[in-house]
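**Student:** The following block contains the structure, expressed as C-alpha cells.
The values are calculated or read from the model by the stated rules, or taken from the named source; none is laboratory data. These figures come from a predicted structure and were not determined experimentally. Please note: Cβ atoms are built from the backbone with ideal geometry, for glycine as well, and neighbour counts cover all protein chains shown. What goes into the accessible areas is simple: the full protein's heavy atoms, side chains included, and nothing from ligands, DNA or RNA. Shrake-Rupley method; radii C 1.70, N 1.55, O 1.52, S 1.80 Å.
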Amino acid sequence: MKIAFFGTGLMGSGFVRRMRANGNDVNVWNRTAEKASVLETEGARAFADPAAALAGAERLHLSLADDASVDAVLEPLAERIAPATWIVDHTTTAVTPTAERVKRWNARGRTLVHAPVFMAPSNALEGTGLMLVSGARARHDALLPELQKMTGTVAYLGEAPERAAAFKLFGNLTLLGILGVLADVNRLAHAVGVPTGEAFALFKQFNPGQFL
C-alpha cells in the first residue's frame, strides 16, 4: 500500500517506521524538512512539497500539533487530495473543530477519520497502545485491518465524528490529574521519610483504575 504521512516528529517517525516494517511504501513530509529526510534511511521517500508527497497515495496520515496545524496543512491541498485517498488524522484536536473539519471534508467528497492515540513514540514503533476512532461505522470497519497494524487496540466510540476527540481529552485530563496526585504522594513520602521509589512501588500492587 502507498501511504503519505505528514508530521514526522517523534510519534510520526515511529508510525512511519512501523508502516515500512509492514511493507508499505511511505512518502513523508514535515515542515522541518530534516525530520522527514532522516526517514529515507528507513526506505521512506521525503518530499519538500506536500502535494507531491500525495501522488498515488491510498491514505494520508497526519500526526501534527493541534487544530490550527491540521487545517494549515490540509486546506491548501483541498483540490489535490484525490477522492479515493482516505485522510486519517491522529492529532489531538478539540471537539467542535473536529466535527466541523469532518463535515467540511465530507462536503468536498473526501473521507476524513479522526483517530487520536494514547501511545508513546516507542508504542508507535512497536505497534502497541490504544487508538480511538469515531465516525461512520462503515469507515471504521474499512480502516480497521490497517489501523490494527499500527496499534495494539482500536476502540470504536460511535458515529459522531468528534467523539474520539472528546475521549482523547478525557484521557489527557485524567493523566494530568494523576501527575498531580503523584506529586502529592511524593511530597508525603518525603515528609515521612519514605524514598520516592518505594512509595511509588505501591502501584505495582494497588491499581486505582479498578476503583475509578
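**Student:** If the requirement is being farther than 21 Å from T85 by Cα, without any contact (Cβ under 8 Å) to a residue 60 or more places away in the chain and not aromatic (F, W, Y), which of these qualifies: V28, V38, V16?
**Tutor:** The match here is V38.
**Student:** Related question: How many residues does the range 96-126 hold that are in contact with a Lys or Arg (Cβ under 8 Å, 6 or more places away or on another chain) and assigned to a loop (DSSP other than H, G, I, E, B)?
**Tutor:** 1
**Student:** When you go through (1) more than 30 Å from F200 (Cα to Cα); (2) open to solvent by 30 Å² or more (accessible area, probe 1.4 Å); (3) in a helix (DSSP H, G or I) one by one for L175, which number turns out not to apply?
**Tutor:** Result: L175 passes all but (1).
**Student:** Taking the range 197-212 only, how many residues are open to solvent by 60 Å² or more (accessible area, probe 1.4 Å) and either in a helix (DSSP H, G or I) or charged (D, E, K, R) (or both)?
**Tutor:** 7
**Student:** Anything in the range 133-162 that is free of Cβ contacts under 8 Å to residues at least 60 places away in the same chain and among the small types (G, A, S)? List them, or say none. Can you show your working first?
**Tutor:** Looking only at the range 133-162, we keep the residues that are free of Cβ contacts under 8 Å to residues at least 60 places away in the same chain, and these are 133-145, 147-148, 151-159.
Correct list: S134, G135, A136, A138, A142, G152, A155, G158.
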